[in-house]
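The structure under discussion appears below in the form of structure tokens.
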Amino acid sequence: MLEIRDLNVSYGMMEVLHGISLKVEDKELVSVIGPNGAGKSTLIKTIMGIVKPKSGTVTYDGQDLTKMSSFQRAQLGIGYVPEGRRVFGRLSVEDNLKMGAYAVKDKERLKKNISRVYEIFPRLGERSRQLAGTMSGGEQQMLAIGRALMLDPKLLLIDEVSMGLMPIMVNTCFQVIKELNDEGITILVVEQNANKALKVADRGYVLETGNIVLTDTAENLRSNEMVRSAYLG
Amino acid sequence: MFLQQLINALTIGSLYALTAMGATLIYGILGILDIANAGAYLVGAYVGWYIFHATGSIVLAFIGSMALVGLGGVVLQRTVYSPILAKPRTLSIIPLVAAVGLFTMSSDAVRLICGAGTKAYNLKFPVMVYKFTVFGKKLTIQPAWIMIFVLTAVLLFILWFILNRTKLGLAWRATAEDAEIAGVCGVNTSYAMALSYILGYGFAAAAGIMTGILYNSITPALGEVPSYKMLAIIVLGGLGNPLGTVIAGLLIGIAEVFLSVYFNLPIPKDAIAFVVLIIMLLIKPSGLLGRKNKV
Ligand SMILES: Nc1ncnc2c1ncn2[C@@H]1O[C@H](COP(=O)(O)OP(=O)(O)OP(=O)(O)O)[C@@H](O)[C@H]1O
Ligand SMILES: [Mg+2]
């Protein structure tokens, strides 16, 4: 479904990703774990077209994404939950969700998706008219996930869903991620919380200072000595 | 007397709001101070003048000038502003300098092409002045004022409608807040930017024509006062806030008319906008409807 080959990404003179290759198969849930500054967000932003790679390719469903703008990638069904939520704070909850479905032309589908998001996160339904900027961090995280779901994504990219959330919210979020994957959405999660990320994932990659240093099934990674000592503590 | 002054003030103020609206829309979405809006105001007044004198139709003059100047704005956005902003780590002074350059160029181009002299619209209304008696006071209203008031209200209503009641407007507001995320939601953000330029430059052109009709004269210097007064208005309104711009425009109109009528001010009328701005910024630094900047 998603294949990344020899990806090099730089910010100005500084190279951040050094020739990374990675694959996500249809209906898989894959986690990329790694420490601060490893380049996890950069990887996801490159897949989304926010950051342009210096070299290498990103292929999705057999199509080369490299030359496409972000909005065209969204139209292909790639949903994105950004790091730090980044909801539209001056728009209402419902308008945020409508924005998530911007690429969806069918009005019926839009309505259906909104009620589905409200079903998954009843809290959002109760606050549909509230300005997103006045919601709590956890509520904003739900909204960021809900917004990405409005697209009916075939591939969902999730950056650091656990950041700044209390443990019970983290569990809820990962449970939702697992359920979405069971429904058939292919998911790539990028996480510092390796423990949680590897519990739900099928496979995982370890990214350190711009290089993939290890890849295996999630189960094997969890029992791997190096991963245990560095990430599972 | 008071009512008469209030009517004058609101007429001038609504013209100010319309003139500054383009700069607000562009700041809202691109984060740049586009002084060249004052060039759109000047060029719009001249294009309108030529169309009016070629066709005899003021309606055609408005439509034609707004469309041409609006499209010109999109061309500038595509060829000047967007390429500058696409460069990594652009200093915010660079697009501002470009805008000042474009504005100066537009004034000189108008002077070269159309001549340095004054041109008169000589628009004939069926009635040149209406006289009323309200509460025993005599009141005169020029049809040009009514035209300005009604047309501005209609244009601002159209703007409000697009921004708040259409999908395109939702995309505009989202792009203004976070263009990157609007993009990954599926918005072609360069359309949202083009919308700002079409509407913004189009509104400035309409304001230019109305000013030309109101004072019955246009010169190549027409854009000079708006080029700086516009800044006071958009900052006063809370940068990038369309509703704030309307309120600020009316407020400056009121301040100018009343202060110069009732007080013998030692400063020129065109400086009043800045006095109001300074007082306002001391009270509320983010402007009338501005938000505190998030860090
Ligand atoms: N816009 C930018 N300009 C310059 N350097 C950047 C930019 N964004 C990220 N970097 C740098 O690139 C490196 C990788 O950043 P990235 O955000 O991808 O890391 P990360 O793995 O997501 O870290 P974290 O776990 O803290 O979110 C860091 O050294 C960071 O300082
Ligand atoms: Mg990150």
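The values are calculated or read from the model by the stated rules, or taken from the named source; none is laboratory data. Source: prediction; values computed, not measured. Cβ sites come from the backbone with ideal geometry, for glycine too, and all protein chains shown count toward neighbours. Ligands, DNA and RNA are excluded from the accessible area calculation, which covers all protein heavy atoms including side chains. Shrake-Rupley method; radii C 1.70, N 1.55, O 1.52, S 1.80 Å.
In table form, for the structure just shown:
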read-out: Filtered residue count, the stretch B:141-171, keeping only those that are open to solvent by less than 30 Å² (accessible area, probe 1.4 Å) and in contact with a Gly (Cβ under 8 Å, 6 or more places away or on another chain); value: 1
read-out: Those helices (runs of 4 or more DSSP H) lying entirely in the stretch B:103-194 with at least 2 residues away from chain A (no Cβ under 14 Å); value: B:143-165
read-out: Conditions (1) touching a helix residue (DSSP H, G or I) at 6+ places or on another chain (Cβ under 8 Å); (2) farther than 20 Å from B:Ala174 by Cβ; (3) surrounded by 17 or more Cβ atoms within 10 Å (Cβ to Cβ); number of the one not met by A:Lys178; value: (3)
read-out: Hey, A:Ser223 of a type outside the set (Lys, Arg), open to solvent by 10 Å² or more (accessible area, probe 1.4 Å) and over 30 Å from A:Ser115 (Cα atoms) or not; value: yes
read-out: Residue check, B:Met210 buried (at least 22 other Cβ atoms within 10 Å of the Cβ) and of a type in the set (A, V, I, L, M, F, W, C); value: yes
read-out: Close pairs (9 angstrom Cβ cut-off, 6 or more residues apart or separate chains): on the phi > 0 side of the Ramachandran plot in the stretch A:156-167, within 12 Å of ligand 2 (Cβ to nearest atom) and among the basic types (Lys, Arg) anywhere; value: A:Glu160/A:Lys40
read-out: Residue in the stretch B:118-136 that is in contact with a strand residue (DSSP E or B) (Cβ under 6 Å, 6 or more places away or on another chain) and of a type in the set (A, V, I, L, M) present; value: yes
read-out: Among (1) touching a helix residue (DSSP H, G or I) at 6+ places or on another chain (Cβ under 6 Å); (2) open to solvent by 20 Å² or more (accessible area, probe 1.4 Å) - the single one B:Leu10 does not satisfy; value: (1)
read-out: From A:Leu214, A:Leu180, residue being away from every other protein chain (no Cβ under 14 Å), away from ligand 1 (no atom under 16 Å from the Cβ) and of a type in the set (A, V, I, L, M, F, W, C); value: A:Leu180
read-out: Filtered residue count, the stretch B:15-55, keeping only those that are in a loop (DSSP other than H, G, I, E, B) and small (Gly, Ala, Ser); value: 2
read-out: Considering residues of the stretch B:237-252 that are among the hydrophobic types (A, V, I, L, M, F, W, C) and part of a helix (DSSP H, G or I) only, the residue surrounded by the fewest Cβ atoms within 10 Å (Cβ to Cβ); value: B:Leu243
read-out: Unmet requirement for A:Ile185, which otherwise passes all of (1) under 16 Å from the mean Cα position of the chain (by Cα); (2) open to solvent by 60 Å² or more (accessible area, probe 1.4 Å); (3) over 22 Å from A:Met163 (Cα atoms); value: (2)
read-out: Conditions (1) in contact (Cβ under 8 Å) with a residue 60 or more places away in the chain; (2) among the aliphatic types (A, V, I, L, M); (3) out of contact with any Lys or Arg (no Cβ under 8 Å at 6 or more places or on another chain); number of the one not met by B:Val129; value: (1)
read-out: Any hit, the stretch A:157-172, residues being away from ligand 1 (no atom under 16 Å from the Cβ) and crowded, with 21+ Cβ neighbours inside 10 Å; value: no
read-out: Test: A:Thr59 is in contact with a strand residue (DSSP E or B) (Cβ under 7 Å, 6 or more places away or on another chain) and within 14 Å of chain B (Cβ to nearest Cβ); value: no
read-out: Count of the stretch A:26-65 residues which are open to solvent by 40 Å² or more (accessible area, probe 1.4 Å) and within 16 Å of ligand 2 (Cβ to nearest atom); value: 4
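To keep it simple, each residue is scored yes or no on (1) more than 30 Å from A:Pro167 (Cβ to Cβ); (2) within 14 Å of chain B (Cβ to nearest Cβ); (3) in contact with a helix residue (DSSP H, G or I) (Cβ under 7 Å, 6 or more places away or on another chain); (4) open to solvent by 10 Å² or more (accessible area, probe 1.4 Å).
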| position | (1), (2), (3), (4) |
| --- | --- |
| A:Lys67 | yes, no, no, yes |
| A:Gly79 | no, yes, yes, no |
| A:Arg85 | no, yes, yes, yes |
| A:Leu91 | no, yes, yes, no |
| A:Tyr102 | yes, yes, yes, yes |
| A:Arg109 | yes, yes, no, yes |
| A:Leu124 | no, no, yes, no |
| A:Ser128 | no, no, yes, yes |
| A:Gly133 | no, yes, no, yes |
